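The values are calculated or read from the model by the stated rules, or taken from the named source; none is laboratory data. Fair warning: this is a prediction, and the values are worked out from it, not measured in the lab. No Cβ is skipped: glycine too gets one built from the backbone with ideal geometry, and neighbour counts run over all protein chains shown. Heads up: the accessible areas ignore ligands, DNA and RNA and are worked out on the full protein's heavy atoms, side chains in. Shrake-Rupley method; radii C 1.70, N 1.55, O 1.52, S 1.80 Å.
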Amino acid sequence: MTNILIISIAFIVLLLLGVPVAFSLGIPCLGYLLLCPELPITVVSQNIMRHMLSFTLISMPGFLFVGRMMNTSGITDRLFKFAIAMVGRFRGGLAMANALASAMFAAMSGTAVGDAGGLGLVEMNMMKEAGYDDDVAAGITAASSILGPIIPPSAAMVLLAAICELPVTYLFYGGVIPGVLLCGAMLINVAIRAHFTKKGRTWPSTKTPWRQALRTIPQAIPALFTFVIILGSILGGFCTATEAAVVAAWYSILLGFCYKKATWKSIWKTLEETVAACGVFMLIVSIATFLAWIFTKENLTGYLASFLTKFSAGSQVPMMLICVVVFLMIGCFLDTSAAVLLLAPIIIPVVKSIGIDPIHFGVVMVIALMIGIITPPFGICLFVVSEVGNLPVRKTTAEAVKYIPAMVLVIILCVVFPQLITWLPSVLLN
């Protein structure tokens, strides 16, 4: 247990000093080798490569490329116009359209930062032009960006599946209903504020003539068909998740050429961005895998299982709620992917051993970590949206936190009623 404490303290100190996550994880691992000189060096190489060769993990670059390519192809504008046509006529309609467009874009991007940095700029500019305050536009943009890793495809779920050897398709389908509930919670939040707060009553509606609204449907359908390609091909048994990612990537390139937005130069730039992002992921994957091996060797899973069982009196709901609180706090400090890589190998074996469905727990874990990234003081999406919108972080934060209570309510419902997560995979995949 002493070694675990040393590693944990070293990791936290390095993280607080601003050291990149990969090095904050890697340096304590090297320190452990010094504490245990009897360990053969081959243990390191074997463990850091264990998940790098995972076939499931290959799908992550594909999904990241699809999201970036959709930005390059101008799909984001079409989705937002379609969302405005659907809900813009209500008071606060552009804020509602922001959440709805993010839910649709989530079916292509798979990441919160991709949503905030791509679609977010379009959404915020349009809201400002319509008369919304900068902080209102930034707040709903940050809040809605968390839908990216919850509604499939999800980069975080791909990592979770690869690291813990869970079926990624079950995680994907398990995230559908919670994602819809979160989007609905944001829409209701906006509607309540638009009608019952002084500031909300000043929000405009954006009415789109019916003929113009109908024209947005055929413009949005090709983009929304990406969701059908990914989940439909998996459900139909035509593709694995990795193969579906490749098909979706080619489809996004085809759309780019059809819309006359893509060029070979822009495709190459999108590939470079994807490779750069995945390089960081893969480095963290390799280091986190070795760290998980260290924790397993030191029997951390046994300590955690004993603690959680004793603290929650053996009841699964209190146990999961304790974990949710921990995930919310960790999500404030770490990127979701890094948090999944650090926590999943430790906690998933524990929940399996005490009878909790790992699919149910895994989806709840991703949702809690996602809420953390818009929670002060260090929520990463707050900084991304503030930078994109050229706003002080405190303004974005003050508005984004207004959506957190509704999100927490959704996650509590998912904990208490596991069928919200497990029902769809059991019906479609069994």
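Here are some notes:
- Contacts under 6 angstrom Cβ, first residue in segment 120-144 being of a type in the set (Asp, Glu), partner open to solvent by 10 Å² or more (accessible area, probe 1.4 Å), 6 or more apart: Asp134/Leu391; Asp135/Lys395
- Filter result for the condition that a residue is open to solvent by 20 Å² or more (accessible area, probe 1.4 Å), hydroxyl-bearing (Ser, Thr, Tyr) and at negative phi, over Ser8, Ser59: Ser8
- Taking the criterion of being more than 26 Å from Phe383 (Cβ to Cβ), open to solvent by 10 Å² or more (accessible area, probe 1.4 Å) and among the hydrophobic types (A, V, I, L, M, F, W, C), the residues of segment 332-355 that qualify are Ile346, Ile347, Ile354.
- Residue among Thr208, Thr216 that is assigned to a loop (DSSP other than H, G, I, E, B) and either over 22 Å from Pro153 (Cβ atoms) or acidic (Asp, Glu) (or both): Thr208
Residue-by-condition table, conditions (1) under 30 Å from Pro376 (Cα atoms); (2) among the small types (Gly, Ala, Ser); (3) part of a helix (DSSP H, G or I); (4) open to solvent by less than 10 Å² (accessible area, probe 1.4 Å):
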position: Ile253; (1), (2), (3), (4): no, no, yes, no
position: Phe257; (1), (2), (3), (4): no, no, yes, no
position: Lys260; (1), (2), (3), (4): no, no, no, no
position: Leu271; (1), (2), (3), (4): no, no, yes, no
position: Gly279; (1), (2), (3), (4): yes, yes, yes, no
position: Leu283; (1), (2), (3), (4): yes, no, yes, no
position: Ala288; (1), (2), (3), (4): yes, yes, yes, yes
position: Phe295; (1), (2), (3), (4): yes, no, yes, no
position: Val325; (1), (2), (3), (4): yes, no, yes, no
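- Candidates Phe172, Phe238, Phe227, filtered to the one that is surrounded by fewer than 20 Cβ atoms within 10 Å (Cβ to Cβ) and under 19 Å from the mean Cα position of the chain (by Cα): Phe227
- The sole residue among Ser205, Ser233, Ser154, Ser144 that is among the small types (Gly, Ala, Ser) and open to solvent by 50 Å² or more (accessible area, probe 1.4 Å) is Ser205.
- Scanning segment 86-106 for residues that are open to solvent by 10 Å² or more (accessible area, probe 1.4 Å) and part of a helix (DSSP H, G or I) yields Met86, Val87, Met96, Leu100, Ala103, Met104.
- Matching residues in segment 373-382 - criterion: being under 13 Å from the mean Cα position of the chain (by Cα) and either closer than 12 Å to Ile421 by Cα or surrounded by fewer than 24 Cβ atoms within 10 Å (Cβ to Cβ) (or both): Ile380
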